[in-house]
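Report on one structure; see the data block that follows.
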Amino acid sequence: MESCFSTTISSSSSPFSIFSIQGSSSNVGRKFSKSCMHPQLLSCQLPKPFLQLNGRPKYRLNQRRSAYLSSATYKDPISAEKQGWDLGRFFKTLYFFNGPPSPAKVRNEEKARKMLGPDIELIVGDITKESTLVAQYFKGVKKVINAASVIIGPKEGDTPDRAKYSQGVKFFEPEIKGDSPEMVEYIGMKNLINAVKESVGLRTGKLLFGFEDQLSKELDWGALDDVVMGGVSESTFQIDRTGGEGGKPTGLFKGIVSTANNGGFTSIRTKNFSSPVDLKAYDGFELRLKGDGRRYKLIVRTSTDWDTVGYTASFDTIGGQWQSIRLPFSSLRPVFRAQTVSDAPPFNPSNVVSFQLMFSKFEYDGKLNPTFVEGPFELPLSTIKAYIKDPITPRFVHVSSAGVTRPDRPGIDLSKQPPAVRLNKELDFVLTFKLKGEDLIRESGIPYTIVRPCALTEEPAGADLVFDQGDNITGKISREEIALICIAALESPYACDKTFEVKSVVPFSEPFTVDPENPPPEKDYNIYFQTLKDGITGKESLEKSAIAV
(Lines give C-alpha, C1' and ligand atoms only; values in the text may rest on other atoms or scores of the structure.)
Protein backbone atom coordinates (compact mmCIF):
# COMPACT_ATOMS: atom_id res chain seq x y z
CA MET A 1 0.00 0.00 0.00
CA GLU A 2 1.45 3.33 -1.05
CA SER A 3 1.39 6.05 1.54
CA CYS A 4 3.51 8.55 3.34
CA PHE A 5 4.63 9.40 6.82
CA SER A 6 3.99 12.93 8.07
CA THR A 7 4.96 14.67 11.27
CA THR A 8 4.57 18.12 12.73
CA ILE A 9 7.32 19.52 14.95
CA SER A 10 6.84 22.44 17.30
CA SER A 11 8.30 25.71 16.02
CA SER A 12 8.43 29.18 17.52
CA SER A 13 8.62 31.13 14.31
CA SER A 14 9.70 28.90 11.48
CA PRO A 15 7.59 27.65 8.59
CA PHE A 16 6.95 23.95 8.22
CA SER A 17 9.40 21.63 6.56
CA ILE A 18 9.15 18.29 4.81
CA PHE A 19 11.73 15.67 5.60
CA SER A 20 12.36 12.51 3.59
CA ILE A 21 14.32 9.80 5.34
CA GLN A 22 16.18 7.92 2.64
CA GLY A 23 17.46 4.50 3.56
CA SER A 24 16.16 2.05 6.09
CA SER A 25 19.47 2.10 7.94
CA SER A 26 19.29 5.82 8.72
CA ASN A 27 21.03 6.63 11.98
CA VAL A 28 18.91 9.65 12.91
CA GLY A 29 18.05 7.99 16.21
CA ARG A 30 21.63 7.44 17.28
CA LYS A 31 21.57 10.02 20.10
CA PHE A 32 18.63 8.49 21.91
CA SER A 33 18.30 5.90 24.61
CA LYS A 34 15.62 3.22 24.76
CA SER A 35 15.28 3.98 28.43
CA CYS A 36 13.34 7.14 27.57
CA MET A 37 10.82 5.29 25.43
CA HIS A 38 7.44 4.02 26.50
CA PRO A 39 7.11 0.25 25.86
CA GLN A 40 4.09 0.79 23.61
CA LEU A 41 6.15 3.00 21.32
CA LEU A 42 9.05 0.58 21.16
CA SER A 43 6.81 -2.31 20.18
CA CYS A 44 4.58 -0.57 17.62
CA GLN A 45 5.30 -1.30 13.93
CA LEU A 46 4.09 0.37 10.77
CA PRO A 47 3.74 -1.20 7.29
CA LYS A 48 6.40 -1.00 4.56
CA PRO A 49 7.87 2.23 3.12
CA PHE A 50 5.71 3.86 0.50
CA LEU A 51 8.29 4.69 -2.13
CA GLN A 52 11.58 3.30 -3.37
CA LEU A 53 14.23 5.75 -4.55
CA ASN A 54 17.30 4.17 -6.11
CA GLY A 55 16.43 0.95 -4.33
CA ARG A 56 16.07 2.70 -0.98
CA PRO A 57 12.83 3.38 0.92
CA LYS A 58 11.67 6.97 1.32
CA TYR A 59 9.53 8.53 4.02
CA ARG A 60 8.13 12.02 4.08
CA LEU A 61 7.91 14.04 7.26
CA ASN A 62 6.21 17.43 7.47
CA GLN A 63 7.07 20.17 9.94
CA ARG A 64 4.46 22.89 10.03
CA ARG A 65 4.26 26.21 11.82
CA SER A 66 3.06 25.20 15.28
CA ALA A 67 3.15 26.08 18.93
CA TYR A 68 2.02 25.25 22.42
CA LEU A 69 -0.87 26.54 24.46
CA SER A 70 0.03 25.13 27.84
CA SER A 71 -3.50 24.59 29.03
CA ALA A 72 -4.88 22.85 25.97
CA THR A 73 -2.59 22.53 22.94
CA TYR A 74 -0.33 19.70 21.79
CA LYS A 75 3.29 20.82 21.91
CA ASP A 76 5.21 18.18 20.01
CA PRO A 77 2.72 16.97 17.40
CA ILE A 78 3.25 13.70 15.57
CA SER A 79 1.50 12.88 12.31
CA ALA A 80 1.69 9.50 10.63
CA GLU A 81 0.07 6.86 8.50
CA LYS A 82 0.90 3.36 9.68
CA GLN A 83 3.61 1.86 7.50
CA GLY A 84 6.33 -0.75 7.83
CA TRP A 85 8.68 1.36 9.89
CA ASP A 86 10.27 1.30 13.32
CA LEU A 87 7.94 3.65 15.18
CA GLY A 88 10.30 3.49 18.15
CA ARG A 89 13.03 5.12 16.05
CA PHE A 90 10.54 7.74 14.89
CA PHE A 91 9.65 8.80 18.43
CA LYS A 92 13.25 8.60 19.62
CA THR A 93 14.20 10.94 16.81
CA LEU A 94 11.43 13.50 16.99
CA TYR A 95 9.84 13.19 20.40
CA PHE A 96 12.59 12.30 22.85
CA PHE A 97 15.51 14.41 21.69
CA ASN A 98 16.97 15.11 25.13
CA GLY A 99 13.39 15.35 26.32
CA PRO A 100 10.52 16.77 24.24
CA PRO A 101 11.94 19.30 21.76
CA SER A 102 11.09 22.89 22.60
CA PRO A 103 10.03 25.43 19.99
CA ALA A 104 13.47 27.00 20.16
CA LYS A 105 15.07 23.79 18.91
CA VAL A 106 13.43 23.82 15.47
CA ARG A 107 13.36 27.45 14.41
CA ASN A 108 14.87 27.28 10.98
CA GLU A 109 16.18 25.03 8.29
CA GLU A 110 19.75 25.14 9.57
CA LYS A 111 18.80 24.03 13.07
CA ALA A 112 16.43 21.38 11.69
CA ARG A 113 19.26 19.93 9.60
CA LYS A 114 21.56 19.90 12.59
CA MET A 115 18.95 18.21 14.77
CA LEU A 116 17.79 15.60 12.26
CA GLY A 117 21.12 14.69 10.68
CA PRO A 118 22.46 14.43 7.11
CA ASP A 119 20.12 11.65 5.94
CA ILE A 120 17.09 13.95 5.85
CA GLU A 121 15.79 15.73 2.75
CA LEU A 122 14.42 19.05 4.00
CA ILE A 123 11.86 21.21 2.18
CA VAL A 124 10.63 24.46 3.72
CA GLY A 125 7.11 25.86 3.51
CA ASP A 126 4.51 27.64 5.63
CA ILE A 127 0.83 26.78 6.17
CA THR A 128 0.01 30.48 6.54
CA LYS A 129 1.29 31.06 2.99
CA GLU A 130 -0.70 29.05 0.47
CA SER A 131 1.90 29.54 -2.27
CA THR A 132 4.46 27.53 -0.27
CA LEU A 133 2.23 24.43 -0.06
CA VAL A 134 3.39 23.00 -3.38
CA ALA A 135 1.29 20.06 -4.59
CA GLN A 136 4.41 17.95 -5.11
CA TYR A 137 5.06 18.05 -1.35
CA PHE A 138 1.84 16.12 -0.77
CA LYS A 139 1.97 13.69 -3.67
CA GLY A 140 1.36 10.22 -2.29
CA VAL A 141 0.21 11.55 1.09
CA LYS A 142 -2.92 9.57 1.98
CA LYS A 143 -3.28 10.33 5.68
CA VAL A 144 -2.43 13.43 7.71
CA ILE A 145 -2.20 14.26 11.39
CA ASN A 146 -2.19 18.00 11.94
CA ALA A 147 -1.20 19.60 15.24
CA ALA A 148 -0.16 23.07 14.06
CA SER A 149 -0.95 25.80 16.55
CA VAL A 150 -0.17 29.36 17.49
CA ILE A 151 2.58 30.03 20.01
CA ILE A 152 1.73 31.40 23.44
CA GLY A 153 4.45 32.37 25.89
CA PRO A 154 5.34 34.75 28.73
CA LYS A 155 5.18 38.42 27.80
CA GLU A 156 8.47 39.10 29.57
CA GLY A 157 10.21 36.10 28.01
CA ASP A 158 11.41 32.86 29.53
CA THR A 159 14.54 31.33 31.01
CA PRO A 160 16.89 29.25 28.83
CA ASP A 161 15.43 26.06 30.31
CA ARG A 162 11.87 27.37 29.77
CA ALA A 163 10.98 27.26 33.45
CA LYS A 164 7.99 29.60 33.08
CA TYR A 165 6.71 27.71 30.08
CA SER A 166 6.84 24.48 32.07
CA GLN A 167 4.91 26.04 34.94
CA GLY A 168 1.93 26.85 32.72
CA VAL A 169 -0.09 29.88 31.72
CA LYS A 170 -1.60 30.39 35.19
CA PHE A 171 1.85 31.33 36.52
CA PHE A 172 2.69 34.05 33.96
CA GLU A 173 1.01 36.69 31.84
CA PRO A 174 0.77 35.18 28.35
CA GLU A 175 0.76 36.66 24.87
CA ILE A 176 0.67 35.39 21.28
CA LYS A 177 4.13 34.95 19.81
CA GLY A 178 4.41 35.16 16.03
CA ASP A 179 1.46 34.73 13.69
CA SER A 180 -2.06 35.41 14.94
CA PRO A 181 -4.62 32.71 15.77
CA GLU A 182 -6.63 33.75 12.72
CA MET A 183 -3.62 33.22 10.44
CA VAL A 184 -2.58 29.88 11.91
CA GLU A 185 -5.76 28.24 13.20
CA TYR A 186 -8.14 29.39 10.46
CA ILE A 187 -6.34 30.58 7.32
CA GLY A 188 -3.55 28.09 7.86
CA MET A 189 -6.09 25.28 8.26
CA LYS A 190 -7.86 26.38 5.08
CA ASN A 191 -4.55 26.35 3.18
CA LEU A 192 -3.59 22.94 4.51
CA ILE A 193 -6.96 21.37 3.70
CA ASN A 194 -6.81 22.71 0.15
CA ALA A 195 -3.28 21.36 -0.23
CA VAL A 196 -4.05 17.80 0.92
CA LYS A 197 -7.66 17.33 -0.21
CA GLU A 198 -6.78 15.83 -3.59
CA SER A 199 -4.29 13.37 -2.14
CA VAL A 200 -6.22 12.15 0.92
CA GLY A 201 -9.60 11.84 -0.77
CA LEU A 202 -13.21 12.73 0.03
CA ARG A 203 -15.72 10.68 1.97
CA THR A 204 -18.32 10.96 -0.80
CA GLY A 205 -15.80 10.20 -3.53
CA LYS A 206 -14.40 12.17 -6.45
CA LEU A 207 -16.75 13.06 -9.29
CA LEU A 208 -15.09 12.19 -12.61
CA PHE A 209 -18.09 12.53 -14.89
CA GLY A 210 -21.72 13.49 -14.55
CA PHE A 211 -24.21 15.40 -12.46
CA GLU A 212 -24.53 15.15 -8.70
CA ASP A 213 -26.25 17.63 -6.39
CA GLN A 214 -24.80 21.01 -7.35
CA LEU A 215 -21.72 19.50 -9.00
CA SER A 216 -21.24 18.65 -12.66
CA LYS A 217 -18.30 17.30 -14.62
CA GLU A 218 -18.67 16.81 -18.36
CA LEU A 219 -16.20 14.93 -20.54
CA ASP A 220 -15.69 14.93 -24.29
CA TRP A 221 -17.02 11.51 -25.41
CA GLY A 222 -16.85 10.15 -28.96
CA ALA A 223 -18.14 6.97 -30.63
CA LEU A 224 -15.67 4.11 -31.14
CA ASP A 225 -17.62 1.29 -32.83
CA ASP A 226 -16.85 -1.85 -34.79
CA VAL A 227 -16.65 0.29 -37.93
CA VAL A 228 -12.89 0.36 -37.16
CA MET A 229 -12.81 -3.34 -38.11
CA GLY A 230 -15.39 -3.25 -40.92
CA GLY A 231 -18.59 -3.57 -38.87
CA VAL A 232 -21.77 -1.53 -39.11
CA SER A 233 -22.74 -0.96 -35.46
CA GLU A 234 -23.07 2.63 -34.40
CA SER A 235 -23.51 4.55 -31.13
CA THR A 236 -23.58 8.02 -29.73
CA PHE A 237 -23.38 9.83 -26.40
CA GLN A 238 -25.47 12.83 -25.49
CA ILE A 239 -26.58 14.78 -22.43
CA ASP A 240 -30.27 14.41 -21.55
CA ARG A 241 -31.03 17.42 -19.34
CA THR A 242 -34.17 15.90 -17.79
CA GLY A 243 -33.72 12.15 -18.23
CA GLY A 244 -31.95 11.40 -14.98
CA GLU A 245 -33.28 10.50 -11.54
CA GLY A 246 -35.88 13.01 -10.39
CA GLY A 247 -35.76 14.80 -13.73
CA LYS A 248 -32.12 15.73 -13.31
CA PRO A 249 -29.51 15.64 -16.12
CA THR A 250 -27.84 12.42 -17.19
CA GLY A 251 -25.55 11.18 -19.89
CA LEU A 252 -27.03 8.73 -22.42
CA PHE A 253 -25.03 6.02 -24.22
CA LYS A 254 -27.22 4.56 -26.97
CA GLY A 255 -27.05 3.01 -30.39
CA ILE A 256 -27.64 -0.04 -32.55
CA VAL A 257 -25.34 -3.05 -32.42
CA SER A 258 -24.99 -5.58 -35.24
CA THR A 259 -22.84 -8.62 -35.92
CA ALA A 260 -22.80 -7.95 -39.67
CA ASN A 261 -19.37 -8.02 -41.30
CA ASN A 262 -17.99 -9.92 -38.27
CA GLY A 263 -18.71 -6.92 -36.04
CA GLY A 264 -20.55 -6.88 -32.76
CA PHE A 265 -19.61 -3.98 -30.51
CA THR A 266 -20.29 -0.34 -29.87
CA SER A 267 -18.52 1.97 -27.45
CA ILE A 268 -17.91 5.56 -26.46
CA ARG A 269 -14.51 6.80 -25.39
CA THR A 270 -13.35 10.10 -23.93
CA LYS A 271 -10.56 12.13 -25.37
CA ASN A 272 -7.40 11.90 -23.29
CA PHE A 273 -7.65 14.17 -20.27
CA SER A 274 -5.61 17.36 -20.40
CA SER A 275 -3.61 16.00 -17.46
CA PRO A 276 -3.68 12.55 -15.80
CA VAL A 277 -6.03 12.13 -12.84
CA ASP A 278 -4.50 10.81 -9.61
CA LEU A 279 -6.92 8.50 -7.79
CA LYS A 280 -4.54 6.80 -5.36
CA ALA A 281 -6.63 8.05 -2.45
CA TYR A 282 -9.53 5.91 -3.66
CA ASP A 283 -10.32 2.21 -4.04
CA GLY A 284 -12.45 1.87 -7.15
CA PHE A 285 -14.91 3.34 -9.65
CA GLU A 286 -18.63 3.77 -8.96
CA LEU A 287 -21.13 4.15 -11.80
CA ARG A 288 -24.65 5.42 -11.27
CA LEU A 289 -26.82 4.25 -14.17
CA LYS A 290 -30.20 2.95 -15.26
CA GLY A 291 -29.74 -0.60 -16.45
CA ASP A 292 -31.36 -2.59 -19.25
CA GLY A 293 -30.46 -6.10 -18.09
CA ARG A 294 -27.32 -6.30 -20.24
CA ARG A 295 -23.63 -6.63 -19.48
CA TYR A 296 -21.34 -3.72 -20.30
CA LYS A 297 -17.66 -2.93 -19.86
CA LEU A 298 -15.80 -0.02 -18.34
CA ILE A 299 -12.35 0.43 -19.83
CA VAL A 300 -9.81 2.73 -18.16
CA ARG A 301 -6.51 3.71 -19.74
CA THR A 302 -3.32 4.89 -18.09
CA SER A 303 -1.45 5.60 -21.33
CA THR A 304 -2.10 8.41 -23.78
CA ASP A 305 -1.30 6.10 -26.71
CA TRP A 306 -4.32 5.39 -28.90
CA ASP A 307 -4.06 1.62 -29.34
CA THR A 308 -2.92 0.35 -25.97
CA VAL A 309 -3.87 -1.82 -23.01
CA GLY A 310 -7.17 -0.92 -21.38
CA TYR A 311 -7.87 -1.91 -17.77
CA THR A 312 -11.30 -3.45 -18.03
CA ALA A 313 -14.15 -4.67 -15.83
CA SER A 314 -17.48 -6.10 -16.97
CA PHE A 315 -20.66 -5.34 -15.06
CA ASP A 316 -24.24 -6.54 -15.22
CA THR A 317 -27.25 -4.23 -15.03
CA ILE A 318 -30.83 -4.60 -13.83
CA GLY A 319 -33.49 -3.70 -16.38
CA GLY A 320 -35.37 -0.46 -15.80
CA GLN A 321 -33.74 0.30 -12.49
CA TRP A 322 -31.29 2.98 -11.36
CA GLN A 323 -28.38 1.33 -9.59
CA SER A 324 -24.89 2.03 -8.30
CA ILE A 325 -22.19 -0.32 -9.52
CA ARG A 326 -18.82 -0.43 -7.79
CA LEU A 327 -15.78 -1.72 -9.63
CA PRO A 328 -12.74 -2.05 -7.33
CA PHE A 329 -9.43 -1.11 -8.89
CA SER A 330 -8.31 -4.65 -8.07
CA SER A 331 -11.00 -6.03 -10.42
CA LEU A 332 -9.62 -4.22 -13.50
CA ARG A 333 -7.86 -6.64 -15.82
CA PRO A 334 -5.35 -5.56 -18.50
CA VAL A 335 -6.96 -6.26 -21.87
CA PHE A 336 -5.86 -5.60 -25.45
CA ARG A 337 -8.35 -6.33 -28.25
CA ALA A 338 -10.42 -8.62 -25.99
CA GLN A 339 -7.36 -10.62 -24.92
CA THR A 340 -5.94 -10.54 -21.39
CA VAL A 341 -2.35 -9.27 -21.31
CA SER A 342 -0.83 -11.46 -18.62
CA ASP A 343 2.49 -9.61 -18.38
CA ALA A 344 1.01 -6.09 -18.19
CA PRO A 345 1.69 -4.04 -15.05
CA PRO A 346 -1.18 -3.72 -12.56
CA PHE A 347 -3.60 -0.82 -12.87
CA ASN A 348 -2.04 2.45 -11.73
CA PRO A 349 -4.75 4.70 -10.24
CA SER A 350 -2.39 7.66 -10.10
CA ASN A 351 -2.32 8.07 -13.90
CA VAL A 352 -5.86 7.79 -15.30
CA VAL A 353 -6.06 9.40 -18.76
CA SER A 354 -9.33 8.23 -20.37
CA PHE A 355 -12.58 6.23 -19.99
CA GLN A 356 -14.46 3.98 -22.38
CA LEU A 357 -17.90 2.34 -22.10
CA MET A 358 -18.60 -0.67 -24.31
CA PHE A 359 -21.46 -3.01 -25.22
CA SER A 360 -20.05 -6.03 -27.02
CA LYS A 361 -20.78 -9.64 -27.88
CA PHE A 362 -17.18 -10.40 -26.85
CA GLU A 363 -16.00 -10.88 -23.29
CA TYR A 364 -12.33 -11.85 -22.91
CA ASP A 365 -10.07 -14.53 -24.33
CA GLY A 366 -12.65 -15.99 -26.74
CA LYS A 367 -15.62 -15.97 -24.36
CA LEU A 368 -18.92 -14.34 -25.32
CA ASN A 369 -21.19 -11.93 -23.49
CA PRO A 370 -24.16 -14.04 -22.28
CA THR A 371 -26.52 -11.03 -22.32
CA PHE A 372 -25.67 -9.86 -25.84
CA VAL A 373 -28.61 -9.13 -28.15
CA GLU A 374 -28.43 -7.39 -31.52
CA GLY A 375 -30.46 -4.25 -32.07
CA PRO A 376 -31.02 -0.92 -30.31
CA PHE A 377 -29.94 -0.24 -26.73
CA GLU A 378 -29.54 2.71 -24.39
CA LEU A 379 -27.80 3.16 -21.07
CA PRO A 380 -28.42 6.36 -19.05
CA LEU A 381 -25.27 7.13 -17.02
CA SER A 382 -25.55 9.93 -14.46
CA THR A 383 -22.10 9.71 -12.80
CA ILE A 384 -18.71 8.07 -12.75
CA LYS A 385 -16.95 8.56 -9.42
CA ALA A 386 -13.96 7.25 -7.56
CA TYR A 387 -14.94 5.89 -4.15
CA ILE A 388 -13.34 4.99 -0.82
CA LYS A 389 -14.31 1.48 0.26
CA ASP A 390 -16.08 0.72 3.52
CA PRO A 391 -15.34 0.83 6.35
CA ILE A 392 -13.98 4.34 5.89
CA THR A 393 -11.22 5.36 8.29
CA PRO A 394 -10.01 8.91 9.02
CA ARG A 395 -7.74 10.54 6.47
CA PHE A 396 -7.17 13.76 8.47
CA VAL A 397 -6.61 13.66 12.25
CA HIS A 398 -6.47 17.07 13.87
CA VAL A 399 -5.24 17.89 17.37
CA SER A 400 -7.36 20.80 18.59
CA SER A 401 -8.06 21.82 22.19
CA ALA A 402 -10.63 21.16 24.87
CA GLY A 403 -12.51 24.37 25.64
CA VAL A 404 -12.95 25.71 22.11
CA THR A 405 -16.73 26.12 22.48
CA ARG A 406 -16.70 27.52 26.03
CA PRO A 407 -15.73 31.23 25.74
CA ASP A 408 -19.15 32.17 24.38
CA ARG A 409 -21.19 29.54 26.19
CA PRO A 410 -23.99 31.09 28.28
CA GLY A 411 -24.03 30.43 32.02
CA ILE A 412 -20.50 29.08 32.25
CA ASP A 413 -18.43 29.79 35.39
CA LEU A 414 -15.17 31.11 33.93
CA SER A 415 -13.42 30.89 37.31
CA LYS A 416 -13.56 27.11 37.01
CA GLN A 417 -12.26 27.07 33.46
CA PRO A 418 -8.67 26.66 32.18
CA PRO A 419 -6.69 29.87 31.52
CA ALA A 420 -7.10 29.60 27.77
CA VAL A 421 -10.89 29.85 28.15
CA ARG A 422 -10.70 32.78 30.57
CA LEU A 423 -8.14 34.62 28.43
CA ASN A 424 -9.59 33.83 25.00
CA LYS A 425 -10.22 37.51 24.14
CA GLU A 426 -6.84 38.66 25.48
CA LEU A 427 -5.15 35.96 23.39
CA ASP A 428 -6.68 37.24 20.13
CA PHE A 429 -9.59 34.77 20.33
CA VAL A 430 -7.34 31.74 20.01
CA LEU A 431 -10.05 29.21 20.94
CA THR A 432 -12.59 30.92 18.70
CA PHE A 433 -10.32 30.49 15.69
CA LYS A 434 -9.48 26.93 16.70
CA LEU A 435 -13.19 26.17 16.54
CA LYS A 436 -13.45 27.86 13.13
CA GLY A 437 -10.56 25.69 11.96
CA GLU A 438 -12.34 22.58 13.21
CA ASP A 439 -15.44 23.56 11.25
CA LEU A 440 -13.36 23.80 8.07
CA ILE A 441 -12.35 20.17 8.55
CA ARG A 442 -15.91 19.04 9.23
CA GLU A 443 -17.12 20.86 6.11
CA SER A 444 -14.27 19.71 3.85
CA GLY A 445 -15.66 16.28 2.99
CA ILE A 446 -12.41 14.62 4.13
CA PRO A 447 -12.92 11.71 6.56
CA TYR A 448 -11.61 13.16 9.82
CA THR A 449 -11.07 12.81 13.55
CA ILE A 450 -10.79 15.86 15.81
CA VAL A 451 -9.00 15.19 19.09
CA ARG A 452 -9.37 17.79 21.85
CA PRO A 453 -6.82 17.14 24.60
CA CYS A 454 -7.14 18.72 28.02
CA ALA A 455 -3.98 20.26 29.54
CA LEU A 456 -0.92 18.48 28.15
CA THR A 457 1.86 17.11 30.33
CA GLU A 458 5.32 15.63 29.97
CA GLU A 459 4.18 12.50 31.82
CA PRO A 460 4.39 9.11 30.10
CA ALA A 461 1.43 7.41 28.48
CA GLY A 462 -0.33 4.62 30.27
CA ALA A 463 -2.86 6.17 32.67
CA ASP A 464 -6.52 5.23 32.36
CA LEU A 465 -8.42 7.65 30.13
CA VAL A 466 -11.71 9.47 29.94
CA PHE A 467 -13.13 10.15 26.47
CA ASP A 468 -16.00 12.64 26.44
CA GLN A 469 -18.02 14.71 23.98
CA GLY A 470 -19.74 18.06 24.29
CA ASP A 471 -16.64 20.00 25.44
CA ASN A 472 -17.22 19.93 29.19
CA ILE A 473 -14.28 18.19 30.88
CA THR A 474 -11.07 19.56 32.37
CA GLY A 475 -7.96 17.71 33.44
CA LYS A 476 -4.61 16.64 32.07
CA ILE A 477 -3.33 14.21 29.45
CA SER A 478 0.10 12.99 28.37
CA ARG A 479 1.44 14.26 25.05
CA GLU A 480 2.75 10.78 24.41
CA GLU A 481 -0.77 9.42 24.91
CA ILE A 482 -2.18 11.92 22.41
CA ALA A 483 0.37 10.78 19.82
CA LEU A 484 -0.72 7.17 20.29
CA ILE A 485 -4.41 8.12 20.10
CA CYS A 486 -3.83 9.98 16.82
CA ILE A 487 -2.03 7.05 15.23
CA ALA A 488 -4.73 4.62 16.38
CA ALA A 489 -7.47 6.90 15.02
CA LEU A 490 -6.03 6.65 11.51
CA GLU A 491 -6.96 2.97 11.37
CA SER A 492 -10.29 3.01 13.21
CA PRO A 493 -13.66 3.36 11.46
CA TYR A 494 -15.14 4.09 14.91
CA ALA A 495 -13.09 7.31 15.07
CA CYS A 496 -14.18 8.53 11.65
CA ASP A 497 -16.00 11.88 11.62
CA LYS A 498 -15.92 12.11 15.42
CA THR A 499 -14.97 15.03 17.69
CA PHE A 500 -14.03 14.25 21.28
CA GLU A 501 -12.18 15.47 24.38
CA VAL A 502 -9.76 13.31 26.31
CA LYS A 503 -8.04 13.38 29.70
CA SER A 504 -6.47 10.89 32.09
CA VAL A 505 -8.14 9.84 35.34
CA VAL A 506 -5.11 11.08 37.30
CA PRO A 507 -5.80 14.46 38.98
CA PHE A 508 -3.48 17.44 38.55
CA SER A 509 -2.26 17.09 42.11
CA GLU A 510 -0.87 13.62 41.49
CA PRO A 511 2.09 12.93 39.19
CA PHE A 512 1.86 9.86 36.96
CA THR A 513 4.90 7.66 36.48
CA VAL A 514 5.57 4.30 34.87
CA ASP A 515 7.60 1.48 36.39
CA PRO A 516 9.93 0.27 33.60
CA GLU A 517 9.86 -3.21 35.14
CA ASN A 518 6.07 -3.32 35.18
CA PRO A 519 4.74 -1.06 32.37
CA PRO A 520 1.01 -0.56 31.85
CA PRO A 521 -0.68 -2.83 29.29
CA GLU A 522 -1.00 -1.60 25.73
CA LYS A 523 -4.36 0.08 25.18
CA ASP A 524 -6.94 -0.88 22.60
CA TYR A 525 -8.12 2.62 21.69
CA ASN A 526 -11.02 1.17 19.69
CA ILE A 527 -12.71 0.48 23.02
CA TYR A 528 -12.79 4.24 23.58
CA PHE A 529 -13.61 5.12 19.96
CA GLN A 530 -16.64 2.82 20.00
CA THR A 531 -18.29 4.96 22.68
CA LEU A 532 -18.24 8.09 20.48
CA LYS A 533 -21.35 9.42 18.76
CA ASP A 534 -21.82 11.37 15.54
CA GLY A 535 -22.55 15.07 15.46
CA ILE A 536 -21.52 16.04 19.00
CA THR A 537 -19.11 18.98 19.06
CA GLY A 538 -20.14 21.16 22.01
CA LYS A 539 -21.53 23.76 19.62
CA GLU A 540 -25.01 22.47 20.37
CA SER A 541 -25.30 24.64 23.48
CA LEU A 542 -24.21 27.71 21.50
CA GLU A 543 -26.78 27.02 18.79
CA LYS A 544 -29.58 26.50 21.33
CA SER A 545 -28.67 29.80 22.96
CA ALA A 546 -28.81 31.60 19.62
CA ILE A 547 -32.25 30.13 18.89
CA ALA A 548 -33.55 31.16 22.33
CA VAL A 549 -32.36 34.74 21.83
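The values are calculated or read from the model by the stated rules, or taken from the named source; none is laboratory data. Predicted, not measured: the structure shown is a model, and the values here were computed from it. Glycine gets a Cβ as well: all are built from the backbone with ideal geometry, and neighbour counts include every protein chain shown. With ligands, DNA and RNA removed, areas are computed over all heavy atoms of the protein, side chains included. Shrake-Rupley method; radii C 1.70, N 1.55, O 1.52, S 1.80 Å.
List of remarks:
- Looking only at segment 467-519, residues that are of a type in the set (A, V, I, L, M, F, W, C) and not in a loop (DSSP other than H, G, I, E, B) come to 13 in all.
- The listed residue being touching a Gly at 6+ places or on another chain (Cβ under 8 Å) and either modelled with pLDDT under 95 or open to solvent by less than 20 Å² (accessible area, probe 1.4 Å) (or both), out of S504, S509: S504
- Considered as a group, the residues in segment 228-270 that are open to solvent by less than 50 Å² (accessible area, probe 1.4 Å) and of a type in the set (A, V, I, L, M) include one that is nearest to G291 (Cα to Cα), and that residue is L252.
- Against the list (1) surrounded by fewer than 19 Cβ atoms within 10 Å (Cβ to Cβ); (2) out of contact with any Phe, Trp or Tyr (no Cβ under 7 Å at 6 or more places or on another chain); (3) closer than 26 Å to G210 by Cβ, the condition R337 fails is (3).
- Residue check, V430 more than 28 Å from P391 (Cβ to Cβ) and buried (at least 20 other Cβ atoms within 10 Å of the Cβ): yes
- Residue in segment 171-178 that is part of a loop (DSSP other than H, G, I, E, B) and modelled with pLDDT under 90 present: yes
- Residue in segment 282-291 that is free of Cβ contacts under 8 Å to residues at least 40 places away in the same chain, under 30 Å from the mean Cα position of the chain (by Cα) and surrounded by 19 or more Cβ atoms within 10 Å (Cβ to Cβ) present: no
- F273 being open to solvent by 10 Å² or more (accessible area, probe 1.4 Å), hydrophobic (A, V, I, L, M, F, W, C), more than 17 Å from G255 (Cβ to Cβ) and in contact (Cβ under 8 Å) with a residue 60 or more places away in the chain: yes
- Any hit, segment 534-546, residues being under 17 Å from the mean Cα position of the chain (by Cα), touching a residue at least 24 places away in the same chain (Cβ under 8 Å), assigned to a loop (DSSP other than H, G, I, E, B) and within 29 Å of A195 (Cα to Cα): no
- Checked against (1) in contact (Cβ under 8 Å) with a residue 24 or more places away in the chain; (2) open to solvent by 50 Å² or more (accessible area, probe 1.4 Å), V309 meets all criteria but (2).
- Of the criteria (1) among the small types (G, A, S); (2) more than 32 Å from the chain's Cα centre (by Cα); (3) surrounded by fewer than 19 Cβ atoms within 10 Å (Cβ to Cβ), which one S360 fails: (3)
- Residue in segment 157-168 that is assigned to a loop (DSSP other than H, G, I, E, B), without any contact (Cβ under 8 Å) to a residue 24 or more places away in the chain and either open to solvent by less than 20 Å² (accessible area, probe 1.4 Å) or not assigned by the TED database to the domain that holds H398 (or both) present: no
- Among (1) under 30 Å from F362 (Cα atoms); (2) part of a helix (DSSP H, G or I), the one test that G188 misses: (1)
- Members of segment 205-218 found to be surrounded by fewer than 17 Cβ atoms within 10 Å (Cβ to Cβ) and either among the small types (G, A, S) or at pLDDT 95 or above (or both), listed by number: S216
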